[in-house]
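Bear in mind these aren't lab numbers, they're just calculated from the coordinates by the rules spelled out. These numbers were taken from a predicted model, which means no experiment stands behind them. A quick note on method: Cβ atoms are made from the backbone with ideal geometry, for glycine too, and the neighbour counts reach across all protein chains shown.
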Amino acid sequence: MHGKNSIIVVGVFLFGFLIGRYSLVPSWVAQSHLELWALYLLIFTVGIGIGANTDALKVVKRMHARIILVPAAVIAGTLLGSGLASVLLPGISLRQSLAVGGGFGYYSLSSVIISRIEGETLGLIALMSNLMREIVTLFLSGPLAALFGPLAPVAAGGATAMDTTLPVIVRASGKEYAVVAVFSGMVLTVLVPFVVPLLLRV
Amino acid sequence: MLYVTIILVAGVAVGIVVRKKRTFLYTLEKFVPWIVFALLFFLGVSVGLNEGVTRSFSRLGLQAFVISAAGTAGSICLSVPLYRFLFRQKGRM
């Protein structure tokens, strides 16, 4: 559901960027917003993945309600942090900063939604910002778990904790946190397409 | 946002129906990265067409970094008390 490989992701984006930059694309392609159709297709597949996965509800029962607090803490902490970031960044308003943070690492979905509502500039910030979150989790899960406990890599991974960053989280935090990571990532993944537009409207 | 809700709910409904069709789900899973690539490619095109963006690239990168670092740090900060008070005391999970 999330990106395959950060390097390929950057490469594909840059390839499209250069094609747009040097107007190598027919104008109907540029005007038909094909990225939106890709976005809808992606959301549809997210839905299929959730519908086909019956384990999510069983996990809540087995782990009790406390597991719900994990994505809740990720949401609260991310919004608190990105809200504070807007104070440091004169060009970025509070709602813009919150919306970028509200991607929770889900760069593909959040960047397209933000470009659509707020323009390409903030969309690009969202893409880079959320991609950085994934990359940080991929490279720093070990030290994060050692310093801040086994939930830290799950929190850092955000929405990507369910797939892309799951292997490194499990290696850093232990097998018993795989379920927590998948659950938290899944909740955040579903929330991204709703939270991001909502925050932009604040 | 209405579109998103409808598409997501439709996807969940299809997912429930095809739950047992492992080969279909497996094929779909292989297909998803290509959708992400298409999405990023076309996003790249629309960003490339926007001249204001290309001129201020390094400033945007710095802003992205600050928001990313602050948001990630914030979520890690809240994960610490959550682990101490709710996960650790129950012993092994």
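Numerical summary
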read-out	value
Residue (of A:39, B:82, A:84) at the positive-pole extreme of the protein assembly as shown, dipole from beta-carbon charges	B:82
Point-to-point label distance, residue A:117-residue A:53, nm (Cα→Cβ direction, 7 Å offset)	2.4 nm
Unit charges on C-beta of K, R, D, E only; dipole of the stretch B:1-55, Debye	380 debye
Protection-proxy order for peptides A:74-85, B:54-65, A:167-178, each taking the mean of Cβ atoms within 10 Å per residue, highest first	A:74-85, A:167-178, B:54-65
Tensor-based shape of chain B (alpha-carbon gyration tensor, a/c under 1.5 rounded, otherwise prolate or oblate)	oblate
Given charges at beta-carbon only (K, R positive; D, E negative), |dipole| of chain A in Debye	360 debye
Normalised contact order of chain A, rounded percent, pairs of Cα under 8 Å and 6 or more residues apart	22 percent
Top of B:47, B:18, B:32 by mean-square fluctuation, Gaussian network on chain B, Cα under 10 Å	B:18
Taking the convex hull of Cα positions in the stretch A:11-165, its mean projected area over all directions (nm²)	11.2 nm²
Within 10 Å of each Cβ in A:90-99, the average number of Cβ atoms from other chains	2
Exposure proxy ranking, count of Cβ atoms within 10 Å, fewest first, for A:135, B:6	B:6, A:135
Alpha-carbon centroids, the stretch B:40-76 and the stretch A:44-118: separation in whole Å	17 Å
At R0 = 45 Å, FRET efficiency that the Cβ-Cβ distance of residue B:84 and residue A:5 yields, to 0.05	0.80
Computed lengthening from residue A:65 to residue A:194, 0.36 nm per intervening residue step minus Cα-Cα distance	44.2 nm
For the stretch A:151-167, 3J(HN,Hα) per residue [Karplus equation, 6.51 cos²θ - 1.76 cosθ + 1.60, θ = phi - 60°, Hz, x = Gly/Pro]	7, 4, x, 4, 5, 5, x, x, 5, 7, 4, 7, 9, 4, 9, 4, x
Per-pair calculated FRET efficiency, R0 = 25 Å: residue A:72 and residue A:94 via Cβ, rounded to 0.05	0.75
Cα-based shape type of the protein assembly as shown, given that a ≥ b ≥ c are square roots of the gyration tensor eigenvalues and the cut on a/c is 1.5	oblate
Shielding by partners, peptide A:68-77 (average Cβ within 10 angstrom, other chains)	5
Choice from A:161, A:52, A:152 showing the highest fluctuation, given a GNM over chain A with Cα pairs closer than 10 Å	A:52
Among A:17, A:183, A:104: highest mean-square fluctuation, GNM of chain A, C-alpha pairs under 10 Å	A:17
Shape of the stretch B:1-55, Cα gyration tensor, a/c cut at 1.5	oblate
Furthest towards positive pole of dipole, A:110, B:43, A:64, structure part the protein assembly as shown, Cβ charges	A:64
